[in-house]
1. Under 7 Å by Cβ, and 6 or more places apart or on different chains, what pairs join a residue from segment 18-36 that is touching a residue at least 12 places away in the same chain (Cβ under 8 Å) with one that is surrounded by fewer than 15 Cβ atoms within 10 Å (Cβ to Cβ) and of a type in the set (S, T, N, Q)?
2. For segment 43-66, how many residues meet the condition of being part of a helix (DSSP H, G or I), at pLDDT 95 or above and of a type outside the set (Asp, Glu)?
3. Based on this model, can you work out whether Val33 counts as in contact with a Pro (Cβ under 9 Å, 6 or more places away or on another chain) and aliphatic (A, V, I, L, M)?
4. Just to be sure before I move on: is Gly77 at pLDDT 95 or above and either part of a loop (DSSP other than H, G, I, E, B) or at positive phi (or both) in the structure I sent?
5. Using the structure shown, decide if Ser42 is of a type in the set (S, T, N, Q) and at positive phi.
6. Report yes if some residue within segment 31-38 is over 9 Å from the mean Cα position of the chain (by Cα), under 27 Å from Lys98 (Cα atoms) and surrounded by 11 or more Cβ atoms within 10 Å (Cβ to Cβ); otherwise report no.
7. Here are some residues: Thr10, Thr84. Which one is modelled with pLDDT under 95, assigned to a loop (DSSP other than H, G, I, E, B) and loosely packed, with under 10 Cβ neighbours inside 10 Å?
8. Among (1) outside any loop (DSSP other than H, G, I, E, B); (2) over 22 Å from Lys97 (Cβ atoms); (3) touching a Gly at 6+ places or on another chain (Cβ under 7 Å), where does Val71 come up short?
Amino acid sequence: MTDNWQKIETAPIWDFEEKSEFVGVYLNTEEKVGPNESKLHSFDFKSSVFGIWGNTILDNRLKQVQSGDKVKIVYLGIEKSEKTGREYKNFDVFRDKKIGKSDES
């Protein structure tokens, strides 16, 4: 009998402090993940799945992305809100203009 079971594990998390730019194909978003009940965005990156923890900036920008879209996320660093004085991680998010899945670069 052939063993067809594959262990499911948590995808590695992209570290923007280590590499500030990420390019991958958007897969999905999970809600209320982990102790902070954050959003976890999953991407196909060179035939592996990577997760990116959400924050208000990323969550709002990724609402415009659909599963299968090629996305580039650029970490801009920590910024301070003029309104509240609180610090937050800022990102630019880009979507490939081509329709359908694109090859990862």
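The values are calculated or read from the model by the stated rules, or taken from the named source; none is laboratory data. These figures come from a predicted structure and were not determined experimentally. Cβ atoms come from the backbone with ideal geometry, glycine included; neighbour counts cover every protein chain shown.
1. Val23/Ser105; Tyr26/Ser67; Leu27/Ser67; Asn28/Ser67
2. 4
3. no
4. The answer is yes for Gly77.
5. no
6. Checked segment 31-38: no residue is over 9 Å from the mean Cα position of the chain (by Cα), under 27 Å from Lys98 (Cα atoms) and surrounded by 11 or more Cβ atoms within 10 Å (Cβ to Cβ).
7. So the residue among Thr10, Thr84 that is modelled with pLDDT under 95, assigned to a loop (DSSP other than H, G, I, E, B) and loosely packed, with under 10 Cβ neighbours inside 10 Å is Thr84.
8. Val71 satisfies all of (1) outside any loop (DSSP other than H, G, I, E, B); (2) over 22 Å from Lys97 (Cβ atoms); (3) touching a Gly at 6+ places or on another chain (Cβ under 7 Å) except (2).
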